[in-house]
Amino acid sequence: MIDTDVDPRRVNLPVTVYTPESPLRHPGTFVREMISDLRASRELAWRLFVRDVSAQYRTSLLGYVWVFLPPLVASVPFVYLNSAGVIRIADTPIPYAAYAIVGAIIWQTFVDALNSPLRSVNAARSMLTRINFPREAILLSGLMQVGFTFGVRLALLIAVLVAFAVRPPAASPLFLIGMISVALTGFMIGLVLTPFGVLYGDVQHGLPIASTFLMLITPVLYPVPSSGPGAVVASFNPLTPLITTTRDWLTTGAAAQHIAFLIVSGATVTLLLLAWILYRLAVPHVVARLGN
């Protein structure tokens with residue numbers, strides 16, 4: 001039996017008040033809510049991560065093989081074309097096959113992080129329109145999947161280093177810092193695109209094309225050109241120091257672009273915070289559009 005005489009003022013339920021006023025008019029409250037929701041989303045993010053990873057590999061015939069295929073498919077053709085003399089890659093400090101595969105693994109982590117926010121939000125459309133929960137949980141779950149996939153690819157990375165007798169230098173622990181910066185940069189760009197990508201499918205269709213084009217103009221599968229148009233493009237490409245420095249820390253220890261790496265990484269952190277604010281402001285409007 002339901003007691004209809006209960007005074008709603010005595011029931012300890014959270015109260016949410018929606019107003020047309022912009023949250024940015026009260027920045028202190030807005031920041032506190034961001035931090036509070038981020039903390040509250042950790043457990044749900046973990047549950048979403050476990051559910052999604054289990055479902056992904058439970059229904060796959062090849063399982064974890066799909067984790068290794070993207071960097072191999074990207075790098076092996078270049079290795080073959082270089083060995084056959086069809087293209088000529090400049091000298092590399094380690095065997096070119098190892099150089100290309102390591103670069104492709106780093107790049108694929110960037111691509112995974114780039115696609116993560118939009119993919120995660122699209123997968124949670126029904127949750128967004130039906131349940132009130134910290135939206136950061138979706139983003140954290142996607143980041144966990146990026147980290148998990150990279151962890152699995154470490155097996156391929158170690159196998160490549162062993163197969164080509166590449167001995168990691170003393171600076172090799174910095175490689176993990178480089179990978180974090182690479183992943184956060186991709187995630188930041190993806191987060192900026194997410195509100196638009198949820199409403200317009202063109203963004204999701206265009207991301208694979210854009211990421212392939214970016215890989216070709218970024219020194220992922222070849223050293224930084226020393227002259228010509230390629231050198232000019234690489235010098236203005238903010239992804240160049242991220243990829244080359246991360247790979248150099250693992251393979252040679254001598255990172256020529258570490259200053260640029262620090263500048264780009266610092267800019268990434270700042271832009272990531274701004275992208276998070278944009279996401280917080282856009283989600284209510286996106287959910288309203290989805291609900292209609």
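Using a basic spin-label model with each label point 7 Å from the Cα along Cα→Cβ, how many nm lie between residue 126 and residue 38?
Going from the residue 126 label point to the residue 38 one covers 3.1 nm.
What Kirkwood radius, in Å to one decimal, follows from the Cα pairs of the range 109-220?
When all Cα pairs of the range 109-220 are included, the Kirkwood radius is 15.7 Å.
Once the mean 1/r over all distinct Cα pairs of the range 40-142 is inverted, what Kirkwood radius in angstroms do you read off?
Radius from the Kirkwood sum: 16.3 Å.
Starting from the Cα of residue 81, step 7 Å along the direction of its Cβ; do the same at residue 177; then give the gap between the two resulting points in nm.
3.5
Based on DSSP H runs of at least 4 residues, each adding -39500 (n - 2.57), what is the mean residue ellipticity at 222 nm of the chain after dividing by all its residues, to the nearest 500 deg cm²/dmol?
Rounded to the nearest 500, the figure is -24500 deg cm²/dmol.
Residue separation times 0.36 nm, minus the C-alpha to C-alpha distance between residue 88 and residue 202: what's the value?
37.5 nm
Based only on Cα atoms, what Rg/Rh ratio does the range 188-292 have, Rh being taken as Kirkwood's radius?
A ratio of 1.09.
Once you have the Kirkwood Rh of the chain from its Cα pairs, apply Stokes-Einstein at 10 °C and 1.306 mPa s and quote D in µm²/s.
This corresponds to a translational diffusion coefficient of 75 µm²/s.
Once neighbouring chains are kept in place and the probe is 1.4 Å, which whole percent of the accessible area of the range 52-160 is contributed by carbon and sulfur?
65
Between 0 and 90 degrees, rounded to the nearest ten: what's the tilt of helix 201-217 against the longest Cα principal axis of the chain?
For 201-217 against the chain, the angle is about 30 degrees.
Any chance you could look up the accessible area of residue 177 with a 1.4 Å probe, heavy atoms only, rounded to 10 Å²?
Residue 177 exposes around 90 Å² with every protein chain in place.
The values are calculated or read from the model by the stated rules, or taken from the named source; none is laboratory data. In this text the structure is predicted, and so the values were computed from the model without any measurement. Don't worry about glycine lacking a Cβ; one is built from the backbone with ideal geometry, like all the others, and counts go over all protein chains shown. Note: accessible area is taken over every heavy atom of the protein model, side chains too, but ligands, DNA and RNA are not part of it. Shrake-Rupley method; radii C 1.70, N 1.55, O 1.52, S 1.80 Å.
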